[in-house]
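Q: Below are the structure tokens for one structure; questions will follow.
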Amino acid sequence: MPWSAVLLSALAVLTSAQTNSPTNNNLDDAQRFLSDYNARAQEVWNAYVVASWNYDTNLTEHNNGVLLEKSLALTEFEAEAYVNKTSFNTTGFPDDVIREFDFLGSAPQEGDTARRLQETLSEMGRIYAVGQVCDQDDPDNCRELEPGLTEIMATSRDYEERLWVWVGWRDAVSKAIRPHYVTYVDLKNQIARANGYTDYGDQWRWKYETDTFEQDMLDIWEEVKPFYLQLHAYVRRKLYDVYGDKINLRGPLPEHLLGDMWGRFWTNLYSLTVPFPDKESLDVTPAMLEQNYTIMRMYEVSEEFFGSLGLLPLPSRFFERSMLQRPTDREVACHATAWDFYDGEDFRIRMCTKVDMEDLLTIHHEMGHTQYQMQYAHLPLVFRDGANDAFHEAVGEVLALSAATPQHLHAIGLLDTVPDDPDADINFLLLQGLNMIATLPFSLVQDLWRWRVFSGEIPKNEWNKKYWEMKAEIVGVVPPVERGEDQLDITSIYHVANDFDMIRYYARTIIEFQFQKAMCDEAGITEPLYKCDIYNSHAAGTKLANMLRLGRSRPWPEAMEAMTGQRKMLANSWKAYFQPLYVWLQEKNRENGDVPGWDVNWRPDASSATTTLPAILLLLSSVTGLLLFA
Ligand SMILES: *[C@@H]1O[C@H](CO)[C@@H](O)[C@H](O)[C@H]1NC(C)=O
Ligand SMILES: *[C@@H]1O[C@H](CO)[C@@H](O)[C@H](O)[C@H]1NC(C)=O
Ligand SMILES: *[C@@H]1O[C@H](CO)[C@@H](O)[C@H](O)[C@H]1NC(C)=O
Ligand SMILES: *[C@@H]1O[C@H](CO)[C@@H](O)[C@H](O)[C@H]1NC(C)=O
Ligand SMILES: [Zn+2]
């Protein structure tokens, strides 16, 4: 469905009391309406973002009250704008005017829907932000997600300790969120339907402006899956070397062993999976500590990278307004985020920064958001957004692709030498793959599950069960202990608890390589894609900036075309980047006798039981259960 059709069907379901008849087709009136909307929307949005910031960086009841008030004012304003726009018949107006009409406003809601939604969102956000896990032997010794629990999940090789943290976090957070999530799903669906979508998942997918979006994402998955299966089998062998019989060499992986709280990125498994451990380490954290890196220095390094491409500098008050480390005098939400205050000059980052390599790259990621926000600040309000959310997530990541190369780390003094042999290349590509191969099915399932929940296809009494079934089948990852319907494990991650879709991270992981290829070509770099560092290339920077300046004013395929010369999301550059690793993994797995794929029915608890199962059961499971992916 094109956007105008969405709009028309929205009109059809609304009662006449909430809309006008679309009779006004005067372009001057329409443009006056838009410029009035933009002038006022900027103020209303700014007040809402300020209140959100004040709450998120200082979680008090008072600040929550102010946020509720500003959120309701925003809802009311957008509803009024929506009703006003329905008096126009936009047939024959210029495309960009029609596009602005399509995006602005939101259908009025009955009763206290808006208030209940804001209260629900605030509560889920608060539960997530203040979640803690206390020590097994010392209940007074409690840790927050950042930095304490994150640190354990990044470094511990103690199966039981990791299990304690994994279960404890879910008891503290996602179990408490579950009742609110039920309300959230109901209210979001109600609002989506009033706006002409079939449900909230439909609304989310429409942000990508194509009616084949889900299929496009699944098609990409088929292309990249062989790489994932090889990585999965290789990592399984390495986990077996550490955890022994806890790992089944034909089974899926227990989620709590994968290097972070969710198995989202496996980067922290690098030390136990490094293919050639004798080569120089690619972890520059020790060098950063040795050189007395500060948080400020890390931001300067990142800003200098953006500057080297001729991109925009940060506004002068960025550093005094941002929150770049965890304050000690109050409760805050810590998850790294980049904020646009919609006044054209106030942009901030919130991040509880640690001095290490991971956060140095995260800073590039957040600064990519900020750069995008600054580049499109001149546009009408509804166009101040990414071409789609995946574009927004890709910007900083593209720069991080260059910044993470050994070539670049050497250039900025964090690596002594540039390792230059094929073994070192495989080490580097594995490090990248633990992030950018491993995370793909994770992100995909996060939204496949939510799309099916919003549509009602997954019934409420099977929410958690179906989640783990999808994880076992698609990701090859299972919970370390049995889970029940009093839990809702998917909400244990920031994005789900805080109303962000995650398909954006899936799509961005693909398109960032398309962007990187285009920028490396523009910079005249002919080395393999994984060695390309666009540092100091104004040509590459200009190409990027021209795309960023479009914001959401044009459908994303046009932004894609401006950048890459064609209009689709394609996995070919991603595959080219990882090809040498793919070849190496196939060889290594064959050598180890490891078969990619897994028995979807294997669970950690049942591991010792499988050997004693009656023969008849074993026979059955080999026929129906053993679903190996080739
Ligand atoms: C946090 O918010 C309270 C209001 O609830 C305010 O009095 C206090 O000054 C704020 N603290 C900071 C550091 O902004
Ligand atoms: C909607 O139209 C009314 C009547 O013309 C006007 O007073 C109001 O400011 C408009 N509001 C918005 C948000 O466009
Ligand atoms: C909008 O205007 C066009 C062209 O003037 C007309 O054909 C169409 O019927 C109008 N639509 C509505 C819903 O009135
Ligand atoms: C880092 O700080 C330590 C202790 O203050 C100092 O001895 C050392 O010289 C510093 N290193 C660098 C590279 O500045
Ligand atoms: Zn992001």
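Q: How about region 321-425: which GluC sites (Glu not before Pro) there are in a DSSP loop, with at most 11 other Cβ atoms within 10 Å of their Cβ?
A: For GluC sites (Glu not before Pro) across region 321-425 that sit outside H, G, I, E and B with at most 11 neighbouring Cβ atoms in 10 Å, the list reads GLU345.
Q: Taking amide hydrogens as modeled 1.01 Å from N in the peptide plane, which residues meet the under 5 Å criterion relative to PHE347, leaving out close sequence neighbours?
A: Correct list: empty.
Q: Can you work out the FRET efficiency for the pair ASP138 and ARG326, with r the C-beta to C-beta distance and R0 = 22 Å, to the nearest 0.05? Write out the running numbers ahead of the final one.
A: Values: r = 22 Å, r/R0 = 1.01.
After rounding, the FRET efficiency stands at 0.50.
Q: I've got another one for you. How far apart, in nm, are the 7 Å Cα→Cβ label points at ARG157 and ARG317?
A: 5.1 nm
Q: I'd like to check one number: the per residue accessible area of the chain, probe 1.4 Å, reported in Å² as a whole number. Walk me through the numbers on the way to the answer.
A: On the way: 25330 Å² over 630 residues.
Here the per-residue accessible area is 40 Å².
Q: For ASN26 and LEU249, FRET efficiency with R0 = 56 Å and r from the beta-carbon atoms, rounded to 0.05?
A: Approximately 0.20, to the nearest 0.05.
Q: Determine which residues of region 416-451 fall in the zone a paramagnetic label at VAL583 would reach in this model, i.e. backbone nitrogen under 18 Å from the point 7 Å along Cα→Cβ.
A: 420-431, 433
Q: Tell me, rounded to the nearest percent, the portion of alpha carbon pairs in region 290-433 spaced more than 28 Å apart. Don't skip to the end; give the middle numbers.
A: Values: 2395 of 10296 pairs.
So the pairs more than 28 Å apart make up 23 percent of the total in region 290-433.
Q: For the chain, what does -39500 (n - 2.57) per DSSP helix run (n ≥ 4), summed and divided by total residues, give at 222 nm, in deg cm²/dmol to the nearest 500?
A: Taking each H run of at least 4 residues, the total per residue is -18000 deg cm²/dmol.
Q: For the chain, which whole-number percentage of the solvent-accessible area (1.4 Å probe, protein heavy atoms only) is attributable to carbon and sulfur atoms? Don't skip to the answer; put the middle values down first.
A: On the way: 12730 of 25330 Å².
Carbon and sulfur together cover 50 percent of it.
Q: Give, in nm to one decimal, the length gained when the segment between VAL130 and ARG116 is fully stretched (0.36 nm per residue of separation minus the Cα-Cα distance).
A: Stretched out fully, the VAL130 to ARG116 stretch lengthens by 2.9 nm.
Q: Using a 1.4 angstrom probe and counting only protein chains, how large is the accessible area of SER553 in Å², to 10?
A: Accessible area, nearest 10 Å²: 20 Å².
Q: I need the calculated FRET efficiency for the pair ASP416 and SER455, taking r as the beta carbon distance and R₀ as 60 Å, to the nearest 0.05.
A: Values: r = 54 Å, r/R0 = 0.90.
FRET efficiency, ASP416 to SER455: 0.65.
Q: Quick one: which of LYS246/LYS471; LYS188/LYS517; LYS460/LYS575 span more than 29 angstrom between C-alpha atoms?
A: LYS188/LYS517; LYS460/LYS575
Q: Let me ask something else about it. Once you place label points 7 Å from the Cα toward the Cβ at SER35 and THR542, how far apart are they in nm?
A: 3.3 nm
Q: Any idea how far apart GLU591 and GLU561 come out in nm if each label point goes 7 Å out from Cα toward Cβ?
A: Taking the two extended label points, one gets 4.8 nm.
Q: With everything on Cα atoms, drop me the angle between helix 159-172 and the longest principal axis of the chain, reported from 0 to 90° to the nearest 10.
A: Taking Cα atoms only, the helix is inclined about 20 degrees.
Q: Next up: For ASP95 and GLN291, compute 0.36 nm times the residue count separating them, minus their Cα-Cα distance, and round to one decimal in nm.
A: Using 0.36 nm per residue and subtracting the Cα-Cα distance, I get 65.2 nm.
The values are calculated or read from the model by the stated rules, or taken from the named source; none is laboratory data. This is a predicted model, so every value here is computed, not measured. Don't worry about glycine lacking a Cβ; one is built from the backbone with ideal geometry, like all the others, and counts go over all protein chains shown. Accessible surface areas use protein heavy atoms only, side chains included; no ligands, DNA or RNA. Shrake-Rupley method; radii C 1.70, N 1.55, O 1.52, S 1.80 Å.
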